[in-house]
1. Quick one, can you get me the convex hull of the C-alpha atoms of the protein assembly as shown expressed as volume per residue in Å³?
2. I'd like the distance between the alpha-carbon centres of segment B:229-251 and segment A:193-239, rounded to an integer number of Å.
3. On average, how many beta carbons from a partner chain sit within 10 Å of the beta carbon of a residue in A:69-78?
4. For segment B:157-281, evaluate the Debye formula with one uniform point scatterer on each Cα (no solvent term) and list log10 I(q)/I(0) at q = 0.22 Å⁻¹, rounded to two decimals.
5. Beyond 26 Å between alpha-carbons counts as too far, so tell me which of B:K205/B:K280; A:K145/A:K195; B:K207/B:K280 fall in that bin.
6. What is the Cα convex hull volume of chain A when expressed per residue in Å³?
7. So between B:S401 and B:S517, what do we pick up on full extension, going 0.36 nm a residue minus the alpha carbon distance?
8. For an R0 of 60 angstrom, estimate the FRET efficiency from the Cβ-Cβ distance between B:I584 and A:N337 and round to the nearest 0.05.
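Nothing in this text is a laboratory measurement; each read-out follows from the coordinates by a stated rule. Predicted model only: the values in this text are computed from it and were never measured. We place every Cβ from the backbone using ideal geometry, glycine too, and count neighbours over all the protein chains shown.
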Amino acid sequence: MKLKYLKLDRIDGPLIVLSGVKDASYDEMVDIEVAGKEHKKGRVVQINKDKVVIQVFQGTSGISLGNSSVAFSGGPMRIPLSMEVLGRVFNGMGEPVDGAGFYAENKYDIGGRPINPVGRKYPRDYIQTGISSIDGLTTLIRGQKLPIFSGDGLPHNEVAAQIVKQAKISGDAAANFAIVFAAMGIKHDEAEYFKRQFELSGVLNKVVMYINLADDPIVERITTPRCALTAAEYLAFEHDMHILVIMTNMTSYAEALREISSAREEVPSRKGYPGYLYSDLASLYERAGIIKNSKGSITQIPILTMPNDDITHPVPDLTGFITEGQVILSRDLFQKNIYPPVNILPSLSRLMKDGIGEGYTREDHPDIANQVFSAYTHVQEIRALAQVIGEEDISDLDKKYLEFGKQFESKLLNQSFESNRNIEDTLNIMWEILGAIPKGELTRIDPGLIEKYYVG
Amino acid sequence: MNNGNSSGKLVFINGPVVKAENAEALKMREMVLVGNKKLIGEVVSIESDKATLQIYEETSGLKWGDEVVSTGKPLSVKLGPGILSNIFDGIERPLEHIYETGSAFIPEGIGLISIDLNKLWDIHLTVNVGDYIEEGSVYATVQETSLILHKLMVPPKMSGKVTFVEKDGKYNIEHTVVKILDKEEEEVELSLYQEWPIRTPRPVKQKRAIEKPLITGQRVIDTFFPLAKGGTAAIPGGFGTGKTITQHQLAKWSDADIIVYIGCGERGNEMTEVLEDFPKIIDPKSQKSLMQRTVLLANTSNMPVAAREASIYTGITIAEYYRDMGYHIAIMADSTSRWAEALRELSGRLEEMPAEEGYPAYLPSRLAQFYERAAYVETLSGTEGSITIIGAVSPAGGDFSEPVTQNTKRVVSTFLALDKSLAYSRHYPAINWHNSYSGYVTVLKEWYDENISENMMELRAKILRILQEERKLLEIVKLVGEDILPDDQRLILEISKVIKVGYLQQNAYHKDDANVSLNKQYKMLTVIDSLYEAANECIRAGAPISKVKNEDIFYKVITMKYTVSEENLELLDELIKEIYEYYISLGKMYRKGGAQNETEISKIR
Ligand SMILES: Nc1ncnc2c1ncn2[C@@H]1O[C@H](COP(=O)(O)OP(=O)(O)O)[C@@H](O)[C@H]1O
Ligand SMILES: [Mg+2]
């Protein structure tokens, strides 16, 4: 039995400091009993001889220097996991909040261990989402980490819900499919929206939720995704399941990290975020993937809102440097009433190249995607020119490009929340809209493929 | 404190930075083992009896009072056969071996393992008893991989008379194969490996001038912004602009003898991709698998940050070791920004005064010292060798004004600036031809003149001029449209399109276009030049741009990279002929009759 400590030296934001501690270990979990009734959890974040700094998960309010006792647990934070997690709802500490109790034989360290690159299997199987802009131009691969970069008020939740709804049907392993949902700092109604959508698409009993709402303690925002990813690893790598992890909102997560960092008076780097934000985010995102000695996989769709729609803000920026691409939603397209408003030009799927083409999707996929990107870039230039000199005065060829641009947005991008297009349909629409520009412009496509598919 | 070689006890723990007391015995930069799990660490500062250590593994679980054990030597790597076609972490621990003995996840407390101690190597001794050998002398060789003959060399600062030579045969790396009597009349045993501290450059006889290109098979690099053997290059770019793919392309196709590839704080899957792909790729020159000449160092973004800081030095030390054998090494570091961030994180935890953007004040000097380890040299044994460093830089927000990009720019000679808008339009490699430069163009001119053509560098300059001109014209086009420009200027725009799509763009995944010989590059340049000259002549003769831009011919030129393979380069001469035939007859038509000859002109098409 470990000692209890009764007297705190200092309370500072989410941190408490106590001294005279004998046997604390770095990263150890503690239990804090406040005023003889309430229990809070904390984690050792610094040791200086007998002086220990503890980060308190549920916040320090209510704690005074004399009214609490601290008990050390002997190890880092662990959560219980079993197959019973499916269909359950937990808080950011991994405790069930849906009324029922929860017991599991084994407990798992939420910190996770880095995957050895030698132990990974490179992801190559594509997931059909039924959304043309994603399947055709930023193809999602099983085991990929592909975030949605969005802005306040844009329909990222709808896009994520549509992916969940439609991705589950495709592929071989429908029975082995499950969803892990991590909510960090989102509003109650957003969490409800996801619950309802899971229910409507009949997957609720296949969803594990870890929920930390906007008014829940911010320190738990740090553990929420870690609990969720630990559950995902358990299901994927111990039970060979294909797991789709939705993590939202990564911006709130990073803000929580910043708040704690500033309470610890650490040297800030860009916009007040700590210098280790990159490594910290990587310790979450890199937990996606496939490993050699398991049949399961973890596919991550993190969602983040770009403050001010600014893609250079540290959270989207560092995320883009770690994840395997990004799907970017655009306010412009949203205002034009296009759903899903995916701005394809800055969007990217880095794993797409190995999961599309002959034997995967269709032989023409790589070339035609390339051509659509190049043509749509040109559309942007012509639109800018037409703004200046007027649409009548641009050349005939440019007019054809504008027509292509229009069709691209109305026929390919735009689809309803209910529409679930297969990859053939998506590729055929791409050929159809490229018909608006002359064959000679299609320099990115193999001539043989043009012969076979061009519908000008 | 008194048991064995304990050299202190932990008093302070804050992530990867810890402090020990009663540590008088520790030396600066010494390697230590910490706590029950014997985590590997390094002494980074000493103040009276207190030492600050950075720990190369996860520190979760460390306690006040945990023991610090001295190893008596600085953080070093083992250098010997077994490095090539292998993969290590940032402090040379073998990831393949760790995977085989454990799970897919990396545990901590693996200890100080590196190259395989048990594997037997077929050794051929090259010295005799009585020989006098000195630093750098080769005393034995072993075929390390089918591509690389590994030379065992007398370590720096050592020399003496050979007193014992083992017979040729199969030995593990710890076996003594040669003994010498050194100057102090002391016997020194030489096995199949030596150790070297990673932060100290290995000595050479002298540095030589740079005069040979590092041929990469990438048109935009070889033709416009060449790299040099022994030189330095940086590839800065925001996320998704193509740093990693460019590094992979160089690792695959550049004409170095050995590739050291450091995945420094980047994605796990990118290392896995190399591990899966490289063994299958056959080097066109040697017909051997590329993995035979490659060593990978992986300290991915989620692996301990202190080992990420060390990985750059581990990599360059390995490179220097093979350079000393007389090889040409290309070392890729993806990404040096993650290394700089590791420095920043450690510096922050050490509570040092931050300079720009929280980076420590010594960032510029550390960067300079690293790039300084690139050179074309005469080795201690008198052979030639080189190290070329190619570092990726990941500027926050894609903004090149940040400290890592700026300080790197000051010390490297080739700057391959990647551009977001090119990447958005899928113009790959997204190397911006206006902002990039190579400081080696002048010194390499002689080589290009002699080995490719006297004309190549001139064509290079001419094409760059056309692209410059295009840039100016596009400014006008943005305001008034293209139709207003005179036809000779519209030709510049059309030719620029050909250059960009047909030459600068190069698809890393296309089987014929991924790697292009300098000969083909040169021929392609002459085709584009012929098209420009012939077409320009017609415009001067009065032919309108609509006729001059013959779709069929332009299409053939743009797609020549795909349609003409390395074996059929003479097809490019035929293409030039075809170009001249078409334009000469077009020109004639306008010269003799002027515009009244419309019917005849339309027949030409
Ligand atoms: N030379 C190239 N050929 C084809 N595709 C490329 C090339 N360079 C980059 N790409 C594309 O760009 C994507 C991002 O490139 P990458 O090198 O991973 O970027 P970075 O390392 O700068 O983030 C790749 O996944 C690939 O699709
Ligand atoms: Mg990269």
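1. On the way: hull volume 184.0 nm³, N = 1061.
Convex hull of Cα atoms, per residue: 173 Å³.
2. Centre-to-centre distance over Cα atoms comes out at 38 Å.
3. Working: counts 0, 0, 0, 0, 0, 1, 2, 3, 0, 0.
Mean shielding count: 1.
4. So the normalised log intensities work out to -1.31.
5. Numbers: B:K205/B:K280 38 Å; A:K145/A:K195 22 Å; B:K207/B:K280 36 Å.
Over 26 Å Cα-Cα: B:K205/B:K280; B:K207/B:K280.
6. Working: hull volume 70.3 nm³, N = 456.
Output value, Cα hull per residue: 154 Å³.
7. 38.3 nm
8. Details: r = 55 Å, r/R0 = 0.92.
The value I calculate is 0.60.
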